[in-house]
Amino acid sequence: MSFNRIVAAAIALAVLVGGLTVFLIFTQIATLGSARVWVEHTREVLQTSQRLVSLVQQAEDSERGFLITQDPAYLKPYRDASAALPGDEGTLARLVVDNPTEVAQVRDLNSAVERRRHIIDRVVLATQNGDLAGARAIIVSGEGRAAMGDIEQRAAKVTTLENRLLIQRTVSARNTQGLALAIGLSVSLLALVTLTVGMILLARTNARLNRAIVEQRESEAAREALSALANAIFVNVPDYLIVLNVEGEDRFVVADVNPAFAKALNVTPERVRGRAIDELLPAVPAQRLIGHYRRVRAGGKPVTTRDEFNFPDGARVWESILAPVPADDGAVDRLIGSVRDITDRVRAEERLREAQRMEAIGQLTGGVAHDFNNLLQVIRGNLELLQRSVAGDERAETRLKNAIFGAERAAQLTRQLLAFARRQPLEPKVVNLSRLVSDMADLLRRTLGESIEVETVVAGGLWNTIADPAQVESALLNLALNARDAMPTGGRLTVEITNAVLDEAYARNADDVAPGQYVMLAVTDTGDGMSEEVRARVFEPFFTTKTEGKGTGLGLSMVYGFVKQSNGHIQIYSEPGSGTTVKIYLPRSRQPETAPTPPPPPETTLDRGLTILVVEDEGAVREAAIAMLEELGYRALEAVDAQSALALVEGGAEIDLVFTDVVMPGPLRTREFAQALKTLRPELPVLFTSGYTDNAIIHQGRLDEGVHLISKPYARAELARRLAQLLPADAPAR
């Protein structure tokens, strides 16, 4: 081979080697550029899909904040998210247009996003229209939760497919790169070893760089998502959040507050940043905060406290969580505090405990009244039966009269107990209290004496109310007598009646009262007043501040029970030395006033041998009742329980009236017994008696329709009148 040929071959070889080297370099550059393009493409797809999920979550948080607070300010993140979602949906669809599988997945993801946004729109619209129940029903249905789960699953599919495509493209690029290197090695032989090694090292460096870029992007995306989540919580949570920088042991500077805290302070977050916490909240003792900080620093964990602070608008109860934010060196130089105003919850718990306590006392007193009334019925019945035996013996008659008076006083006490327990049988009517109070004015003046001035104030256009007139009179008299005792040297008693409306805000802060329209009866005295401790217990039975022998402590408890049983509300206002005002709220009625009830007929005895079936489980009570009936001229049959009485009726016994106790043992209850009697003999009258009616024949403080009741202990004259009312005047003797 000639030199020229050798040179030409060398030149050709050099050119070939150089060309191959340049080719390999450009191939590598193109592969690297392609890989970077796909890395950037994947990052955009992942960021856009994650941003879609974040925007939906942002709209969810805004929706819930608005539902809870009804504050339109909470809707701003929802509107921002709703405005941004269409753009991101379009961007994601454009990024994956080159891959049919991804196009379908993104289409499904966008559809799921639109379904969730539609559900959020429905909740927001319902809340704006005041349909809170409808909004909560949509949330409780779970369709929003299911839609959000669908979004997260479809977003995960897009992420998984995009990562798999990136791996495939990276592998393809590497294969192309390896093929180019193999061709170069086969052609350039040993001359290209160094170049090949360099290319391999460069390829490995690029691969590590690519992996580092991917990892960095993923880390940045995770940090951005976490930061967005934390920011959404900080901005939208209803609790008060505050971030404090610790400057020394006793100085805490506000780094930031969330919008809820800023709103509570009536400032903007910018105005409070950089201020010391004791300047911002002077009601918070500095030493208490320092003590909390030391506990956090010593334990390295959050500290939860509950404190009550006095603010210009009253005392508030705060539940606080103070948590450390450690620095890189482990030192605690920043704190984050979460404060929740639990005043309403604490007050509600206190009211619930008080209501439960009063209910327990009521159940106890009701049970005592039942047994006591049975005993009183035996005592009074037998005393009245003895009256004829001692006729003409003045001394014995006087003693019997005193004994009957004592039994009547004891019965009055049990009636007061039943009133407090809300178990007294009321006879509510539609009444206008203006006439009732006017009729009682003279009675009050005579009862209270000349040293007390009585003034009545009746508002014009007074509404009617539903109440038992006799119980209203009794309540008014009890309040007047209490007022008299509070004014031993004289004073003024003012009875005021007016229309009143109790709104929802009042009802939330009061015990057992529904918002609505009421007729208010207020009794105000200028007496000594009472302390907060006394006022808190004033409605309890047997609680009294009077000296021994001056009162039973049942007057106000009876008023309390009557008002509650009438679906009303009672409130007492008093301060030592400033007198007392008791306000009774009775529900308004739009019906016309009920006509006055005619007076009962005088005691009468049919004396025609009519037969009355006495159903009573207490033997002594049953014997006294039978003796009274026989003295009135009736014949009596007896049964110890409802089942035995029903057997007598079914057996064809001649009975003109059933006189039965309400509360009796046995499998057959009084209510079922009465229904069975009505089925067997619809015309047979039934007179109930009881010392404690429970809920058998009384509901919502009223006797059931068609039910006749005489309460124990009853007098012979009262029993005679009730029997005369129920038995027809022309009933034939048997």
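The values are calculated or read from the model by the stated rules, or taken from the named source; none is laboratory data. What you are looking at is a predicted structure, and each value in this text was computed from that prediction instead of being measured. A quick note on method: Cβ atoms are made from the backbone with ideal geometry, for glycine too, and the neighbour counts reach across all protein chains shown. Only protein heavy atoms, including side chains, enter the accessible area calculation; ligands, DNA and RNA are left aside. Shrake-Rupley method; radii C 1.70, N 1.55, O 1.52, S 1.80 Å.
For the ranges 523-534, 577-588, what's the packing order if you count other beta-carbon atoms within 10 Å of each residue, average per peptide, and put the highest first?
577-588, 523-534
The apolar share of the surface of region 479-531, taken as the fraction of accessible area on carbon and sulfur atoms (1.4 Å probe, ligands and nucleic acids excluded), comes to 47 percent.
With contacts taken as Cα pairs under 8 Å at a separation of at least 6 residues, region 611-672 carries a relative contact order of 44 percent. From the square roots a ≥ b ≥ c of the eigenvalues of the alpha-carbon gyration tensor of region 76-123, which class results: rounded (a/c under 1.5), prolate (a/b over b/c), or oblate? Oblate shape, in that a/c is at least 1.5 and b/c is the bigger or equal ratio. Each Lys and Arg adds +1 at its Cβ and each Asp and Glu adds -1 at its Cβ; summed about the Cα centre, region 233-275 shows a dipole of about 220 debye.
When each of the peptides 71-83, 50-62, 233-245 is scored by how many other beta carbons lie within 10 Å of its residues on average, the order from highest to lowest is 50-62, 233-245, 71-83.
At a 1.4 Å probe radius, carbon and sulfur cover how many percent of the accessible area of region 28-140?
Looking at region 28-140 in its full context, I get 58 percent from C and S.
Here the 3J(HN,Hα) profile of region 77-90, calculated from phi with Karplus coefficients 6.51, -1.76 and 1.60 at θ = phi - 60°, is x, 5, 5, 4, 5, 4, 6, 8, 4, x, x, 5, 4, x Hz, Gly and Pro shown as x. Placing a pseudo-label 7 Å from each Cα along the Cα-to-Cβ vector at residue 231 and residue 321 gives an inter-label distance of 2.3 nm.
Pairs of Cα atoms nearer than 8 Å and 6+ residues apart set the relative contact order; for region 35-166 it is 32 percent.
Partners of residue 678 within straight-line reach, counting lysines whose Cα lies under 26 Å from its Cα and excluding those fewer than 8 residues away in the same chain: 712.
Relative protection proxy for 614-625, 387-398, 491-502, 677-688, from highest mean packing down: 614-625, 491-502, 677-688, 387-398 (other beta-carbon atoms within 10 angstrom).
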